[in-house]
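Structure record follows, encoded as structure tokens.
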Amino acid sequence: QSDQPPPLPVAVALLHSDLKPENDLLYFRQQVLSKFDGKRLVADPSSSYDGDVIREFPYKQPYKAKRNVPNDHHKRVPTSMFLMADHPQPVALSASIEVTPRPNPSPRRFVTAYDVVSLVPSIPIHRLVGRPSIPDSWSEKQRAHFLEHPDDPRYRALAEEIAQEIDLRFSGDDIIKALAIKDYLEREGFYTRKERHAGVDDPAASFLFGSLRGYCVHFAHAAVHLLRSQGIAARVAVGYAVDNRMRGSGSAVIIMGDRAHAWPEIYVAGV
């Protein structure tokens, strides 16, 4: 018998398009952590590097993300969002490119309502093999921003050890290296909320080079540091992960507070 109160709904998402997500998970992103401040990853206060993430609520006017993504790699998924709890930034199906105002149908029930257009990857990850993570057009500042990680040689050493297990035909491929790191963490890590790794300078290192027991925040940060050590541009996303099977045959998704999640994202050139 748990003493914890039951989780409360924080939002309702209404999908206006058929969507069968990979692994049956819907990722509703709110914020990204891409700046390494010397100790941990935090949201970039300058807004210079995460222009694909919309930070403003469309109370009076629409907002568009600063991005240029070829649509042949993505499917446009329109969604209506109805928030039942305050959030500092719009919650939207990853990755949103436009948010527009929508009349609140029930102000007593919903904090706010808005419409979203998201671009969801429409091709399997193996089709991206051979693409580099970082395009040649990036400046040195942009490269440094998305590659900076703790000055701890164990991250690079472990990532290179993981990379040695890759089939020689794909040696050095950024996508294959990223998948190898993902597989390692899934295989070796154990998910538990009992391990907090509190009171240390680098909780990700405490997790990765210690017990390998932790929860999504530890997995995501450890993955990003490993990826960055291999020259793969990465950041942590924060939001909610919802099992698509809970949607049933309808288009409405109820997002519960206990679905809060953090996950790693990588940049793929041209995608």
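Please pick out the residue among 122, 229, 137, 171 that is open to solvent by less than 60 Å² (accessible area, probe 1.4 Å), among the hydroxyl-bearing types (Ser, Thr, Tyr) and either touching a residue at least 12 places away in the same chain (Cβ under 8 Å) or more than 22 Å from residue 41 (Cα to Cα) (or both). Please lay out each step first, then the result.
On the way: 122 fails: open to solvent by less than 60 Å² (accessible area, probe 1.4 Å); 137 fails: open to solvent by less than 60 Å² (accessible area, probe 1.4 Å); 171 fails: open to solvent by less than 60 Å² (accessible area, probe 1.4 Å).
The match here is 229.
Take residue 94 and decide whether it is under 28 Å from residue 250 (Cβ atoms), at pLDDT below 95, buried (at least 17 other Cβ atoms within 10 Å of the Cβ) and not aliphatic (A, V, I, L, M). Write out each step before concluding.
Values: under 28 Å from residue 250 (Cβ atoms): yes; at pLDDT below 95: yes; buried (at least 17 other Cβ atoms within 10 Å of the Cβ): yes; not aliphatic (A, V, I, L, M): yes.
It is true that residue 94 is under 28 Å from residue 250 (Cβ atoms), at pLDDT below 95, buried (at least 17 other Cβ atoms within 10 Å of the Cβ) and not aliphatic (A, V, I, L, M).
Which condition breaks for residue 223 when tested against (1) closer than 16 Å to residue 262 by Cα; (2) open to solvent by 20 Å² or more (accessible area, probe 1.4 Å)?
Checking residue 223 against (1) closer than 16 Å to residue 262 by Cα; (2) open to solvent by 20 Å² or more (accessible area, probe 1.4 Å), the one that fails is (2).
Quick one: how many residues across the stretch 180-202 are within 19 Å of the chain's Cα centre (by Cα) and crowded, with 17+ Cβ neighbours inside 10 Å? Walk me through how you get there before you give the answer.
If we filter the stretch 180-202 for residues that are within 19 Å of the chain's Cα centre (by Cα), which is where we start, we get 180-186, 189, 191.
Then drop every residue that is not crowded, with 17+ Cβ neighbours inside 10 Å, which leaves 180-182, 184-185, 189.
Total satisfying the criteria: 6.
May I ask you to list the residues in the stretch 20-37 that are part of a strand (DSSP E or B), under 21 Å from residue 142 (Cβ atoms) and of a type outside the set (Lys, Arg)?
First, the residues of the stretch 20-37 that are part of a strand (DSSP E or B): 25-33, 35-36.
Imposing the further condition that a residue be under 21 Å from residue 142 (Cβ atoms) reduces the set to 29, 31-33, 35-36.
Matches in the stretch 20-37: 31, 32, 33, 36.
Take the conditions open to solvent by less than 10 Å² (accessible area, probe 1.4 Å) and touching a Lys or Arg at 6+ places or on another chain (Cβ under 7 Å) and apply them to residue 236. Does it pass?
The answer is no for residue 236.
Test each condition in (1) modelled with pLDDT of 90 or more; (2) farther than 14 Å from residue 235 by Cβ for residue 68 and report the one that comes out false.
All conditions pass for residue 68, except number (1).
Looking at (1) in contact with a helix residue (DSSP H, G or I) (Cβ under 9 Å, 6 or more places away or on another chain); (2) under 24 Å from residue 90 (Cα atoms); (3) open to solvent by less than 20 Å² (accessible area, probe 1.4 Å), which is the one condition that is false for residue 216?
Result: residue 216 passes all but (1).
State yes or no: is residue 258 open to solvent by 50 Å² or more (accessible area, probe 1.4 Å), among the acidic types (Asp, Glu) and at negative phi?
yes
Check 245, 156 and return the single one that is within 30 Å of residue 9 (Cα to Cα) and in contact (Cβ under 8 Å) with a residue 60 or more places away in the chain.
Details: 156 fails: within 30 Å of residue 9 (Cα to Cα).
Residue meeting the stated conditions: 245.
Looking only at the stretch 50-99, filter to residues that are assigned to a loop (DSSP other than H, G, I, E, B) and of a type in the set (S, T, N, Q); which one of those is nearest to residue 14 (Cα to Cα)? I'd like the intermediate steps shown before the answer.
The initial filter retains those residues of the stretch 50-99 that are assigned to a loop (DSSP other than H, G, I, E, B), namely 50-62, 65-70, 84-91, 94-95.
Checking which are of a type in the set (S, T, N, Q) leaves us with 61, 68, 89, 94.
Values: 61: 21, 68: 25, 89: 18, 94: 14 Å.
My answer is 94.
Can you work out which of the residues in the stretch 23-33 that are in contact (Cβ under 8 Å) with a residue 24 or more places away in the chain and open to solvent by 50 Å² or more (accessible area, probe 1.4 Å) is nearest to residue 47 (Cα to Cα)? Walk me through how you get there before you give the answer.
Filtering the stretch 23-33 down to residues in contact (Cβ under 8 Å) with a residue 24 or more places away in the chain leaves 24-33.
Imposing the further condition that a residue be open to solvent by 50 Å² or more (accessible area, probe 1.4 Å) reduces the set to 25, 27, 31.
Working: 25: 28, 27: 22, 31: 12 Å.
It comes out as 31.
Being among the hydrophobic types (A, V, I, L, M, F, W, C), surrounded by 14 or more Cβ atoms within 10 Å (Cβ to Cβ), over 14 Å from residue 117 (Cα atoms) and in contact (Cβ under 8 Å) with a residue 24 or more places away in the chain narrows it down to one residue among 41, 19; which is it? Full working, then the answer.
On the way: 19 fails: over 14 Å from residue 117 (Cα atoms).
Selected residue: 41, the only one of 41, 19 that is among the hydrophobic types (A, V, I, L, M, F, W, C), surrounded by 14 or more Cβ atoms within 10 Å (Cβ to Cβ), over 14 Å from residue 117 (Cα atoms) and in contact (Cβ under 8 Å) with a residue 24 or more places away in the chain.
Return the pairs, sorted by first residue and then second, in which the second residue is surrounded by 15 or more Cβ atoms within 10 Å (Cβ to Cβ) and not in a loop (DSSP other than H, G, I, E, B), the first residue lies in the stretch 199-212 and is without any contact (Cβ under 8 Å) to a residue 12 or more places away in the chain, the beta carbons are less than 6 Å apart, and the residues are 6+ apart or on different chains.
From the stretch 199-212, the pairs are 200/206.
Within the stretch 76-91, is even one residue farther than 25 Å from residue 259 by Cβ and at pLDDT below 95? Quick ask: steps written out before the conclusion?
Initially, the stretch 76-91 is screened for residues farther than 25 Å from residue 259 by Cβ, giving none.
Looking through the stretch 76-91, none of the residues is farther than 25 Å from residue 259 by Cβ and at pLDDT below 95.
The values are calculated or read from the model by the stated rules, or taken from the named source; none is laboratory data. Note that the structure is a prediction, hence the values are computed from the model and not measured. When we count neighbours, we look across all protein chains shown, and the Cβ atoms used for this are built from the backbone with ideal geometry, even at glycine. Side chains included, ligands, DNA and RNA excluded: accessible areas come from the protein's heavy atoms. Shrake-Rupley method; radii C 1.70, N 1.55, O 1.52, S 1.80 Å.
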